[in-house]
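The values are calculated or read from the model by the stated rules, or taken from the named source; none is laboratory data. Keep in mind that this is a model prediction, so the values were computed, not measured. Don't worry about glycine lacking a Cβ; one is built from the backbone with ideal geometry, like all the others, and counts go over all protein chains shown.
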Amino acid sequence: MPDPIKILLADDEDLVRRSMQKTLLRAGFEVETAASCPEAWALFESAQESAAPFGFAILDINMPGLQPGDTSGAGLELLSRLMARSPELPVVMLSAYDDVGRARQAVASGAQGYLVKGREQGLVELVNQILQRTG
């Protein structure tokens, strides 16, 4: 049996992060979480240098950014960094708002998908669909 896919889940909202983590763990994924872009970047860099890199990332669009005080769209900057380092990494962007413009921006920046928070029931299905397409 293959090793479970290791997912990086970054969201600054504790309840959202825990809920999604539980959902993904129940679905058989390995999940590491981060509450900010700097924390997520550090986890990603560390995993890339190990024998167990991330096979998927789920990032909130608006969370503490890589620069102090930066929260608006900071997840998109993190997405750009991840894509520059690992262009084959499948990524889903999260948002609290159903914003078509942000969704397009995320996909144009390299994300494979976009999910509105609170719709966790579709998260595992979306992750599996993307893994089937990219795997």
Filtering the stretch 87-108 down to residues that are farther than 19 Å from residue 36 by Cα and of a type in the set (Gly, Ala, Ser) yields 101, 103, 108
Residues that are farther than 17 Å from residue 115 by Cβ, outside any loop (DSSP other than H, G, I, E, B) and more than 14 Å from the chain's Cα centre (by Cα): does the stretch 7-16 have at least one?
yes
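Would you point out which residue out of 68, 87 is within 15 Å of the chain's Cα centre (by Cα) and at pLDDT below 95? Spell out the reasoning first.
Working: 68 fails: within 15 Å of the chain's Cα centre (by Cα).
Only one candidate passes the filter, namely 87.
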When residues of the stretch 21-43 are limited to those that are touching a residue at least 40 places away in the same chain (Cβ under 8 Å) and touching a strand residue (DSSP E or B) at 6+ places or on another chain (Cβ under 6 Å), the one farthest from residue 117 (Cα to Cα):
29
Note on the stretch 106-135: residues modelled with pLDDT under 85, more than 27 Å from residue 49 (Cα to Cα) and either part of a helix (DSSP H, G or I) or acidic (Asp, Glu) (or both) are 120, 121
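Right, residue 10: at pLDDT below 90 and either surrounded by fewer than 21 Cβ atoms within 10 Å (Cβ to Cβ) or hydrophobic (A, V, I, L, M, F, W, C) (or both) or not? Break it down into steps so the answer makes sense when it comes.
Numbers: at pLDDT below 90: no; either surrounded by fewer than 21 Cβ atoms within 10 Å (Cβ to Cβ) or hydrophobic (A, V, I, L, M, F, W, C) (or both): yes.
Taking the combined requirement at face value, the residue does not satisfy it.
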Would you tally the residues in the stretch 76-104 being farther than 16 Å from residue 45 by Cα and part of a helix (DSSP H, G or I)?
6
Consider the stretch 17-47. How many of its residues are within 17 Å of residue 91 (Cβ to Cβ), outside any helix (DSSP H, G or I), more than 11 Å from the chain's Cα centre (by Cα) and of a type outside the set (Asp, Glu)?
2
Tell me whether the stretch 32-54 contains one or more residues that are at pLDDT below 90, closer than 22 Å to residue 6 by Cβ and surrounded by 13 or more Cβ atoms within 10 Å (Cβ to Cβ).
no
